[in-house]
1. With +1 assigned to the C-beta of every Lys and Arg and -1 to the C-beta of every Asp and Glu, and no other charges, what is the dipole magnitude of the chain about the Cα centre in debye, to the nearest 20?
2. Just name one of C78, L47, L21: the one whose Cα is farthest towards the positive end of the charge dipole of segment 1-84 (beta-carbon charges, Lys/Arg +1, Asp/Glu -1).
3. Label R304 and M58 with points 7 Å out from Cα along Cα→Cβ: what is the distance between them in nm?
4. With labels modelled as points extended 7 Å from the Cα through the Cβ direction, what inter-label distance (nm, one decimal) is found for Q296 paired with H5?
5. In the chain, what percentage of the DSSP-assigned beta bridges are antiparallel, given to the nearest 5?
6. Tell me, what is the per residue accessible area of segment 1-70 in Å², probe radius 1.4 Å?
7. Quick one: plug the Kirkwood hydrodynamic radius of segment 273-322 (C-alpha pairs) into Stokes-Einstein at 4 °C, 1.567 mPa s, and report D in µm²/s.
8. Taking the Cβ-Cβ separation of V83 and D231 as r and a Förster radius of 25 Å, what is the calculated FRET efficiency to the nearest 0.05?
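The values are calculated or read from the model by the stated rules, or taken from the named source; none is laboratory data. Since the structure is predicted, the reported quantities are computational estimates derived from the model, not experimental observations. Note that we place each Cβ from the backbone using ideal geometry, even for glycine, and neighbour counts take in every protein chain shown. To get the accessible areas, we keep the full protein, side chains included, count just its heavy atoms, and leave off ligands, DNA and RNA. Shrake-Rupley method; radii C 1.70, N 1.55, O 1.52, S 1.80 Å.
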Amino acid sequence: MKRAHKRVLVTGGAGFLGSHLCDRLLARGDDVLCVDNFFTGSRDNVLHLLGHPRFELMRHDVTFPLFVEVDEIYNLACPASPVHYQNNPVQTIKTAVHGAINMLGLAKRLNARILQASTSEVYGDPTVHPQPEEYRGNVNPIGPRSCYDEGKRCAETLFFDYHRQNQVDIRVARIFNTYGPRMHPNDGRVISNFITQALRGEPITLFGDGQQTRSFCYVDDLIDGLMKLMDAEGDAHVPVNIGNPGEFTIRELAELVVRLTGTGSELVYRPLPTDDPMQRCPDIARAQKLLGWAPQVPLEQGLRRTIGYFAEALGLEAPALT
Ligand SMILES: NC(=O)c1ccc[n+]([C@@H]2O[C@H](COP(=O)([O-])OP(=O)(O)OC[C@H]3O[C@@H](n4cnc5c(N)ncnc54)[C@H](O)[C@@H]3O)[C@@H](O)[C@H]2O)c1
């Protein structure tokens, strides 16, 4: 059956993931209302959409109520990288919690389906590996990462309470590390750090001994997963992990970036930051079963595209990718 054309609100739509989501929704024929306060996002990410007849950009902070008319809501507004969310932790937790309350209130009033961009950080420093959705996490409530981790956990609580109490039609995606074009070059995350350091010929900084693992999902795969979850019918009122289960040590990632960029950068080691998880890997069995979704883009291919983007964004010469 053909999907009806919809008017879709994307909060945080001028950010890394949000801007790709806006692209994809417009491409399939939806109207998009992009709401952002430009805290970490930028008009540059959606500049190419500004003249589009079905695209609208609104400056608004989701910690304040919003009155608009839409059919669906993707709630992505929230700084996502530790340097950004720790910059103003009180604003981060307000964005996660008040933002969720405001968007859920809007969804309730409009009878609109709403998807929350939750995070693998709800699992904290996990003691179960890989992490299935049933795992309840190992989170420090008072540490420097807590404004984000606990903010997102509280947002999930709100989503499920609005569902139980008010029958709001919710979707909750637990997003694992995602990378790709339009990431912030200075967001302090491992992929952007390594690529910018390699492209500038600076030493590549590894925290700890580099044996901690991460899984990396290419942005196109992630957006596919979010849209499939939003569109899923039946009982989709459960959290769903969306990420790439391919697991790499940080050292393996550094070596891959060195090889692909052909940089002469050396690897240097620094102390591990507080509460940095040792292992992170999604169990995606639920997404596979419920959505028929699995990531398609291998790390090396995604990195090549991302390196090309960073070289252009930083005004550096693109390496002849090896
Ligand atoms: N990128 C990842 O690897 C990842 C992983 C897990 C979860 N997520 C979640 O996905 C969402 C998007 O992440 P991203 O990587 O695109 O980050 P991002 O920082 O690029 O995007 C977040 C956007 O939200 C906007 N924003 C922040 N506070 C706001 C507020 N109070 N009102 C309105 N807009 C506000 C920012 O300006 C930005 O455009 C976030 O909710 C994040 O927690 C991302």
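1. Details: 33 positive and 38 negative charges, 108 e Å.
The calculated dipole for the chain is roughly 520 debye.
2. L21
3. The modelled label-to-label distance comes out at 4.2 nm.
4. Calculated label separation equals 2.6 nm.
5. DSSP beta bridges in the chain are roughly 10 percent antiparallel.
6. On the way: 3400 Å² over 70 residues.
That works out to 49 Å² for each residue.
7. Values: Rh = 14.2 Å.
So the translational diffusion coefficient is about 91 µm²/s.
8. Details: r = 34 Å, r/R0 = 1.35.
With R0 = 25 Å, the Cβ-Cβ based efficiency is 0.15.
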